[in-house]
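Trainee: Have a look at this one.
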Amino acid sequence: MKLRSGLMLSGVFLAGLVIGSAVTPVHHAAGQDAPQDSTYQQLSLFGDIFDRVKANYVIDPPSDKLIYNAVNGMLAGLDPHSSYMNQKQYNDMQVETSGQFGGLGLEVTQTDGLLMVISPIDGTPASRAGIKHGDIIVDINGHSTDGINLDDAVTQMRGAPGSKIAITLKRSGINTPVKLTLTREIIQIEDVKDKLFPTPGGNVGYIRLASFDEKADQDIRNAIDSLQKQAGSAGIHAYILDMRDNPGGLLDQAVAVGDDFLNSGEIVSTHGRHSADDQVWYAQSGDILKGAPMVVMTNQGSASAAEIVTAALQQNQRALVLGMRTFGKGSVQTIVPIPGNGALRLTTALYYTPSGKSIQDYGVTPDVKVSDTRTPEDNFASLRESDLLHSFQNPSGLTAPPLPSALPLPAVSKTIPDKPPVGWPAYDPTQPSTDFQLQMALKLAAGMSAAGDKAAAN
């Protein structure tokens, strides 16, 4: 039974392995044994090694641990996102996608033996401590993370609410270790936040979407209702959808959110090994912003479902994208429950944008490039899907359908610098005036024309 397709990054709060299935030998109708097959030979090799380890290892290792580790290696060698979840991990994942769970609020992955941060979640201990995309966790409670299993690392970072945890980070551009002590707590994901900003061009409604959990679409609609009530008769000139450090989530929510802002056009398609995995989703009439100008904000931590929505709005000429190139995760994972034994998370398809091209490895390129730092070339800060071990290469050879020309840039876009000026204040999440990318997005949104109006040429 398939539960649903999801697009969450592997190792988001949990990691796992896979349970293998027994292989029944095949016999010919004539009664003769099937010819020796390399698959059966390799399974025999595995059985032989298993027996030797059980008999001769310095201690008697639990059999279930050996199987668990073996299938973990099997899936880890396929791609960064396929995994097996035991029953506890599967239960944790279901809680996470519902929007509440325990921990630090960190999205992590592993590449080349390093434990790396994809993004902190808004309003969590990790976010408040200033942990950033691209940080390397080198130590947890005094124990090195060098070569640590991702599942073990996540387990160490979990714990009872109120308990302390000490972690050490390596951060790009800083030569000394960053040492932090955090307090674990129940993470209540506030998926959407909204704020009304007055600008010279009129009110701009700001919507921050932190992830695509089960409530993302409804929360977006609630935020827009809230903003319109705040604006009253003055109205709202334009909107900003901030998906920086949004790691993705559920595919159905990505489609629903994309559909919120479109009247027509393709949102996303998936193509896999089996025809059952080939699907296309189209927008239905009913843009809830009624054509108001729109800016989408992205960065290197915008991944998966966030990339689907960004590409759909950009390629259907509905929004301009401002920020940095996105993470580049273009694979779809299907969750297959295994009764009594957790679930298998298996990569079954790649998703494609309305252009007909996969963004696997490439990500979405912004229309207006703006960095949040004066040193955007920092190596660790540029961690993307293509940096992960065994990541898929972007498929080629597909013929892309013709697309309309890109949404014209307003004249104000030429006055937007690609990085903060010297002396720009340090970022303070409680002070929007220190958020350079946001300030540039407000500037861009204020200068955009309503749908159907004549826009300034590039």
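The values are calculated or read from the model by the stated rules, or taken from the named source; none is laboratory data. Note that the coordinates shown come from a computational prediction; the quantities given were computed from them, not determined experimentally. Cβ placement follows ideal geometry from the backbone for every residue including glycine, while neighbour counts extend to all protein chains displayed.
Trainee: Right, I288: surrounded by fewer than 22 Cβ atoms within 10 Å (Cβ to Cβ), in a helix (DSSP H, G or I), at pLDDT 95 or above and not assigned by TED's automatic domain parsing to the domain that holds V108 or not? Steps first, please.
Mentor: Numbers: surrounded by fewer than 22 Cβ atoms within 10 Å (Cβ to Cβ): yes; in a helix (DSSP H, G or I): no; at pLDDT 95 or above: yes; not assigned by TED's automatic domain parsing to the domain that holds V108: yes.
It is false that I288 is surrounded by fewer than 22 Cβ atoms within 10 Å (Cβ to Cβ), in a helix (DSSP H, G or I), at pLDDT 95 or above and not assigned by TED's automatic domain parsing to the domain that holds V108.
Trainee: State which residue pairs qualify: first residue among the small types (G, A, S) and inside the range 79-90, second residue assigned to a helix (DSSP H, G or I) in any location, beta carbons under 9 Å apart, and separation of 6 or more residues or different chains.
Mentor: From residues that are among the small types (G, A, S), the pairs are S82/L75; S82/A76; S83/N72; S83/L75; S83/A76; S83/Q89; S83/L150; S83/D151.
Trainee: Counting only residues that are assigned by TED's automatic domain parsing to the domain that holds I236 and more than 24 Å from the chain's Cα centre (by Cα), give me the strands (runs of 3 or more DSSP E) lying completely in the range 145-209 with at least 2 of them.
Mentor: On the way: elements: 164-170, 178-183, 185-188, 192-199, 202-209.
The qualifying strands (runs of 3 or more DSSP E) are 192-199, 202-209.
Trainee: Can you tell me which condition T109 does not meet? The list is (1) more than 19 Å from L344 (Cα to Cα); (2) within 17 Å of the chain's Cα centre (by Cα), and all the others hold.
Mentor: For T109, the exception is condition (1).
Trainee: Looking at (1) at pLDDT below 90; (2) in a loop (DSSP other than H, G, I, E, B); (3) not aromatic (F, W, Y), find the lone condition where R325 falls short.
Mentor: Going through the list (1) at pLDDT below 90; (2) in a loop (DSSP other than H, G, I, E, B); (3) not aromatic (F, W, Y), R325 breaks only (1).
Trainee: A further question follows. Report yes if A216 is in contact with an Asp or Glu (Cβ under 7 Å, 6 or more places away or on another chain), within 21 Å of R318 (Cβ to Cβ) and crowded, with 24+ Cβ neighbours inside 10 Å, otherwise no.
Mentor: Values: in contact with an Asp or Glu (Cβ under 7 Å, 6 or more places away or on another chain): yes; within 21 Å of R318 (Cβ to Cβ): yes; crowded, with 24+ Cβ neighbours inside 10 Å: yes.
So A216 passes the test.
Trainee: Right, something else. Taking the stated definitions as given, is Q317 polar (S, T, N, Q) and farther than 21 Å from D418 by Cβ?
Mentor: Values: polar (S, T, N, Q): yes; farther than 21 Å from D418 by Cβ: yes.
Spelling it out, Q317 is indeed polar (S, T, N, Q) and farther than 21 Å from D418 by Cβ.
Trainee: For residues in the range 72-88 being among the hydroxyl-bearing types (S, T, Y) and in a strand (DSSP E or B), which is farthest from D51 (Cα to Cα)?
Mentor: Initial filter on the range 72-88 (among the hydroxyl-bearing types (S, T, Y)): 82-84.
From what's left, in a strand (DSSP E or B): 83-84.
Numbers: S83: 25, Y84: 23 Å.
The residue in question is S83.
Trainee: How many residues does the range 332-347 contain that are polar (S, T, N, Q) and modelled with pLDDT of 90 or more? Before the answer, list the steps.
Mentor: If we filter the range 332-347 for residues that are polar (S, T, N, Q), which is where we start, we get 333-334, 341, 347.
In the following step, the residues that additionally are modelled with pLDDT of 90 or more were identified as 347.
Within the range 332-347, residues that are polar (S, T, N, Q) and modelled with pLDDT of 90 or more number 1.
Trainee: Still on this model: Quick check: is even one residue across the range 61-71 in contact with a strand residue (DSSP E or B) (Cβ under 6 Å, 6 or more places away or on another chain), not in a helix (DSSP H, G or I) and not assigned by TED's automatic domain parsing to the domain that holds T183?
Mentor: So far as the range 61-71 goes, no, none of its residues is in contact with a strand residue (DSSP E or B) (Cβ under 6 Å, 6 or more places away or on another chain), not in a helix (DSSP H, G or I) and not assigned by TED's automatic domain parsing to the domain that holds T183.
Trainee: In this structure, does A238 turn out to be crowded, with 24+ Cβ neighbours inside 10 Å and either touching a residue at least 40 places away in the same chain (Cβ under 8 Å) or not assigned by TED's automatic domain parsing to the domain that holds P432 (or both)?
Mentor: Working: crowded, with 24+ Cβ neighbours inside 10 Å: yes; either touching a residue at least 40 places away in the same chain (Cβ under 8 Å) or not assigned by TED's automatic domain parsing to the domain that holds P432 (or both): yes.
Against the criterion (crowded, with 24+ Cβ neighbours inside 10 Å and either touching a residue at least 40 places away in the same chain (Cβ under 8 Å) or not assigned by TED's automatic domain parsing to the domain that holds P432 (or both)), A238 qualifies.
Trainee: If I ask for residues that are surrounded by 19 or more Cβ atoms within 10 Å (Cβ to Cβ) and at pLDDT 80 or above, which ones from the range 86-106 would you list?
Mentor: N86, Y90, G103, L104, G105, L106
Trainee: Is there any pair with a first residue in the range 149-166 that is more than 17 Å from D112 (Cα to Cα) and a second that is charged (D, E, K, R) and surrounded by fewer than 19 Cβ atoms within 10 Å (Cβ to Cβ) whose Cβ atoms are under 9 Å apart and which are 6 or more apart or on different chains, and what are they?
Mentor: Short answer, once both residue conditions are applied: P161/E185; G162/E185; A166/D139; A166/K179.
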